[in-house]
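Please treat every number below as a calculation from the coordinates, not as lab data. Bear in mind the structure is a predicted one, so any value in this text is a computation, not a measurement. Reconstructed Cβ throughout: ideal geometry from the backbone, glycine too, with neighbour counts over all protein chains shown.
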Amino acid sequence: MDSRIDFLNWLEIDMSMKILTSLEDPADLARISCVSRTWRQFVVENALWKQLCLRRFPQLSKVAHVVEVNDCEANEPSAGSSNSKECETLERDHRAYAILGRRCKEFAAEDCISEAIGASSTDNYPEESIDNTLEPRDIVARRASYWSSKGQSDPSVPETLIYKLDSDFYVVTEINIKPFRAFFQLGFPIYSAKYVRFRMGYPKSPSDLVSDSMKESSHDDKFIWTYTSQKFKMARESILQKFKLPEPILCIGGFVQIEFLGRVQKQTMDCLFYICVSHVEVLGQSLAPALAVEDLDPSGRFVLKNNLQAKGDCKPGLPKRKSRAITEQRARQLQGLINEFEDFDEDYAEYILALEDESDEEFVL
């Protein structure tokens, strides 16, 4: 026992850094911080949590600085020497990046879309709106539920769908898409694409998103995309196809774009190529309210905010609120059905009974 030594006191700092920065598991770095005050000080002064997070999420290189919020007010820097201010900054960064590192280690991914923002084109709006892709069922109110692009004679013309997540700071692991099978057309054609590609980012101006016209025809130039994925091959099957990202991606700003490349199905009626989608899921975990982003600018730089009052939030496996967009869509569909069958009480009563037989969980907010 008398021969025990602290290798941090014996090795050169460069060698100690080389050893500790080789650790990739956040749990290992957390344990190191608990060994002693000396080891914790080494972790803080050399920003090891920040370096670990930067290796996993290069987008964090755009963090301008970290702020801490307590009782809804940002902590103001205290007066003092430049050395004390530097220590405060290091401690503040340490706390924020330690939370981020631990939150991203293990979590139960869930669908995190809160709203459908817009499509590059829509064939028949609102019947074939992007809003339909939030509904997992193929049939809603006795009608097929799907989004359809406009027809194109050139099969290489791409299409895009844009969604808003339920927070502006998310770790995304997987995106699932179900191409639409037209069961009302001869041969039951599937209007999939050859490939899909994903982007994540934020709007240049939130005021650009208030117009409902984006549902029918979105404008990509209104967004700044901080991440672009590789191309994934899409199967010509009407199943929920899972596209797992090579590694978890930090979605800064809370918006996801799905780009469809290459059309494969021509409609017999007009000999034009279409892309149609039944359902979309974006799987991941929100880092809010513990962490949030502020002051996003056109260069991509932003402020990382650490909410000190949000302890215990964002635990894996907690039940998730259903999207308001889905509920509002169902209300519109139900009203349309009432109007359509107002003179046919028997059919309407049959439909209401069918609704009552469905799981109550689908309607819980």
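Across region 74-207, the convex hull enclosing all Cα atoms gives 197 Å³ per residue.
Counting only residues at least eight positions apart within a chain, or on another chain, the lysines with an alpha carbon under 20 Å from that of LYS194 are LYS150, LYS178, LYS231, LYS233, LYS242, LYS244, LYS266. In percent, rounded to a whole number, the relative contact order of region 110-286 is 39, using alpha-carbon pairs under 8 Å and six or more apart. The local environment of LEU245, defined by Cβ-Cβ distances under 14 Å, has a net charge of +3 under the rule Lys, Arg +1 and Asp, Glu -1. Placing +1 on the Cβ of every Lys and Arg and -1 on the Cβ of every Asp and Glu, with nothing else charged, gives region 1-61 a dipole about its Cα centre of roughly 240 debye. Normalised by the number of residues in region 31-149, the average gap of Cα pairs under 8 Å and 6 or more apart makes the relative contact order 18 percent. Backbone phi angles across region 227-236, fed through the Karplus curve with coefficients 6.51, -1.76 and 1.60 (θ = phi - 60°), yield HN-Hα couplings of 9, 10, 7, 6, 7, 10, 6, 9, 7, 8 Hz in residue order; Gly and Pro are listed as x.
Extending 7 Å from Cα along the Cβ direction at ASP6 and again at ASP138 yields two label points whose distance is 6.6 nm.
By the Kirkwood approach, averaging reciprocal distances over each pair of separate Cα atoms, region 124-270 gets a hydrodynamic radius of 16.4 Å. Fully extending the segment from THR268 to GLN230, taken as 0.36 nm per residue of separation minus the present Cα-Cα distance, adds 10.5 nm.
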